[in-house]
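The values are calculated or read from the model by the stated rules, or taken from the named source; none is laboratory data. Keep in mind the model is a prediction, meaning the values are calculated, not measured. Please note: Cβ atoms are built from the backbone with ideal geometry, for glycine as well, and neighbour counts cover all protein chains shown.
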């Protein structure tokens with residue numbers, strides 16, 4: 001289908017005169033430009049300055065330009081402030097003059113971005129038909145800017161790109177996933193030849209393992225991933241003997257990879273969906289290498305999580321006198337304030353030590369009247385607002401048919 005004979009999208013008010021795909025593309029381009037101008041206002045300097053500095057440090061001019069485009073797109077489309085809002089939220093609040101159609105389109109950008117690795121299935125004019133390797137769905141994507149670069153991309157190649165909904169979510173049928181029929185390319189686009197299959201598979205597995213929510217573009221995929229997570233948790237308990245374990249940091253990667261190998265064999269034997277984590281070797285994040293022990297908690301809701309020096313924090317709750325130690329006090333403050341630590345470890349520690357939890361928090365927080373029963377949840381909500389704002393999602397993603405095929409599973 002060429003751009004010239006692309007079908008109209010009926011019922012969308014406020015679109016350019018032709019009322020079809022071209023009008024939506026033009027309007028999305030204008031809105032994106034306005035968003036960028038808004039994000040570059042001095043009121044956001046404190047958040048944008050580190051991004052500017054990091055980009056300026058890149059020596060190669062072409063790489064520097066590409067990184068700046070990518071970083072700016074990330075800031076505009078995905079960055080969240082401490083209160084959980086993003087640039088789009090602030091823009092919507094500030095621009096009372098926007099039409100309903102513009103607002104609906106921006107709201108779909110806020111909630112419906114798809115960052116993934118795609119296989120190019122077809123090309124036509126300004127559009128690409130893309131197969132998402134993480135959800136096995138095809139996407140019809142248009143270029144709002146830089147369309148002249150599409151000719152360089154061939155069918156069968158792979159691209160890493162961000163897609164933003166082009167069709168407002170209001171046009172989706174009730175009860176269906178928020179997957180509009182048409183999309184617009186947002187930010188830079190990198191391509192890889194089909195011959196680089198091994199590298200693409202590794203990238204896709206790493207992406208699905210570290211950011212599984214990206215794969216949840218339909219209720220079916222989310223539900224199947226949730227089932228796979230329950231199965232994975234049961235296998236974890238079978239392997240380790242409990243849903244919570246403390247490992248020596250230098251042994252953690254080997255132990256977790258042993259678990260995943262056994263779990264993969266069980267899933268294949270039982271004909272279950274295969275989580276991406278079973279094919280992506282676990283590597284200890286750099287921010288854990290300094291710790292003596294690693295806590296691994298496989299919670300029913302939060303999935304598998306990792307916490308630093310869990311043995312020390314458990315010792316603190318078993319012996320509140322350790323609150324006099326700066327090391328233990330700093331560690332508990334870290335659990336409270338770190339975005340990467342869910343409320344689960346603290347909830348579990350308080351439940352496991354009902355006789356000492358109040359004393360620990362009173363000493364560490366210097367609040368003599370603190371009680372976990374009355375003040376615990378408010379404390380967690382204060383320090384972890386994003387956790388409570390977001391809807392709980394499975395923490396692993398299953399492999400789609402095409403990615404399984406490419407991975408040889």
| Can we say residue 156 is more than 30 Å from residue 384 (Cβ to Cβ) and not in a strand (DSSP E or B)? | yes
| remark: The residue that is nearest to the chain's Cα centre (by Cα), considering only those in the stretch 252-292 that are outside any loop (DSSP other than H, G, I, E, B) and within 24 Å of residue 348 (Cα to Cα), is 287
| remark: Counting only residues that are assigned to a helix (DSSP H, G or I) and either touching a helix residue (DSSP H, G or I) at 6+ places or on another chain (Cβ under 6 Å) or under 14 Å from residue 164 (Cα atoms) (or both), the stretch 49-63 contains a total of 2
| query | Among the residues of the stretch 347-406, which ones are part of a loop (DSSP other than H, G, I, E, B), over 21 Å from residue 80 (Cα atoms) and out of contact with any helix residue (DSSP H, G or I) (no Cβ under 9 Å at 6 or more places or on another chain)? | reply | 355, 366
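From the list 164, 172, 143, exactly one residue is over 25 Å from residue 209 (Cα atoms), modelled with pLDDT of 75 or more and buried (at least 17 other Cβ atoms within 10 Å of the Cβ). Which is it? Spell out how you get there, then give the answer.
Numbers: 164 fails: over 25 Å from residue 209 (Cα atoms); 172 fails: modelled with pLDDT of 75 or more.
Unique residue meeting the criteria: 143.
Might you check whether a residue that is part of a helix (DSSP H, G or I), over 30 Å from residue 337 (Cβ atoms) and touching a strand residue (DSSP E or B) at 6+ places or on another chain (Cβ under 9 Å) occurs anywhere in the stretch 32-42? Please lay out each step first, then the result.
Going residue by residue through the stretch 32-42, those that are part of a helix (DSSP H, G or I) are 32-39, 42.
Among the residues that remain, those that are also over 30 Å from residue 337 (Cβ atoms) are: 32-37.
Now drop any that are not touching a strand residue (DSSP E or B) at 6+ places or on another chain (Cβ under 9 Å), which leaves 32.
Looking for residues that are part of a helix (DSSP H, G or I), over 30 Å from residue 337 (Cβ atoms) and touching a strand residue (DSSP E or B) at 6+ places or on another chain (Cβ under 9 Å), one finds at least one in the stretch 32-42, hence yes.
Residue by residue, here is whether (1) buried (at least 18 other Cβ atoms within 10 Å of the Cβ); (2) at pLDDT below 95; (3) under 19 Å from residue 210 (Cα atoms); (4) out of contact with any strand residue (DSSP E or B) (no Cβ under 8 Å at 6 or more places or on another chain) holds:
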position: 337; (1), (2), (3), (4): no, yes, no, yes
position: 340; (1), (2), (3), (4): no, yes, yes, yes
position: 361; (1), (2), (3), (4): yes, no, no, yes
position: 407; (1), (2), (3), (4): yes, yes, yes, yes
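When residues of the stretch 307-322 are filtered for being free of Cβ contacts under 8 Å to residues at least 60 places away in the same chain and either on the phi > 0 side of the Ramachandran plot or surrounded by 21 or more Cβ atoms within 10 Å (Cβ to Cβ) (or both), how many remain? Spell out how you get there, then give the answer.
Of the stretch 307-322, the ones free of Cβ contacts under 8 Å to residues at least 60 places away in the same chain are 307-309, 312-313, 315-322.
Next cut, either on the phi > 0 side of the Ramachandran plot or surrounded by 21 or more Cβ atoms within 10 Å (Cβ to Cβ) (or both) only: 307-309, 313, 316-317.
Qualifying residue count, the stretch 307-322: 6.
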| Could you say whether any residue in the stretch 73-88 is at pLDDT 90 or above, assigned to a helix (DSSP H, G or I) and surrounded by fewer than 15 Cβ atoms within 10 Å (Cβ to Cβ)? | no
